[in-house]
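The values are calculated or read from the model by the stated rules, or taken from the named source; none is laboratory data. No experiment lies behind these values; they were computed from the predicted model shown. As a convention, Cβ positions derive from the backbone with ideal geometry for all residues, glycine included, and neighbour counts pool all protein chains shown. With ligands, DNA and RNA removed, areas are computed over all heavy atoms of the protein, side chains included. Shrake-Rupley method; radii C 1.70, N 1.55, O 1.52, S 1.80 Å.
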Amino acid sequence: MYPMQPAPPFQGPPFGQRPTAGGHPVGAVFLGFFASVIVSMLYSGLILATYEDQTLTTANTLYLGHALLNGAVVGCLIGLVGHRNTGAHISGAVIAALGAFFGYTNALPLIIADRQSPAAIGDMMEADPLIPAKAWWNNETEGGVDWFSPLGLVLAAAAAWGLAYLIGSRRRQA
């Protein structure tokens, strides 16, 4: 019989293999999605409450602020829950951009319903269901493209990805 040998010291993973990113990327994406929906609904409600008193500058400022807020909330949540998972970071950027877009476009049917009647939304859907998206894209005062609209998408995506990356990279690895 041989004497018992001591266990070898802990060895890290073999060269070329990285440890798992840790966190819960799917849960992070769902949490970011739900937070984005809530922030977008709050923005749509704010626009509905103040659309009569807004100037174009105020509307653009509120839209860009909403895009940054949506991106910041989504990015923080994804960084905290998804840790270093790159897929979760990218998904958060997409979700934040979509939240900025739908926050704006969902406010327009609410305004139409407030100004005319809820039945006017049905008429809009029959005539042209893409009126909110066209209003998001078009510059109503000078014609052409409203460049604040895609800028809001870029701000939301950049804020979400940047914060998710910064917060997630500060988390210790599992």
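Charging the Cβ of each Asp and Glu at -1 and of each Lys and Arg at +1, and nothing else, the dipole of the range 24-174 about its Cα centre rounds to 1100 debye. Of the residues 9, 145, 87, the one whose Cα sits farthest toward the positive end of the charge dipole of the chain, with +1 on the Cβ of Lys and Arg and -1 on the Cβ of Asp and Glu, is 9.
Highest mean packing comes first when the peptides 147-154, 114-121, 163-170 are listed by Cβ atoms within 10 Å, giving 163-170, 147-154, 114-121.
Based on Cα contacts under 8 Å between residues 6+ apart, the chain shows a relative contact order of 34 percent. Going 7 Å from the Cα of residue 125 along its beta-carbon direction, which residues of the range 65-106 have the amide nitrogen within less than 20 Å of the resulting point? Hits in the range 65-106 for residue 125 at 20 Å: 102-106.
Give the separation of the Cα centroids, the range 59-79 to the range 90-155, in Å. Taking the Cα centre of the range 90-155 as reference, the centre of the range 59-79 is 17 Å away. Legend: residues 66, 83, 24, sorted from most to least accessible area (1.4 Å probe; ligands, DNA and RNA excluded), read 24, 83, 66.
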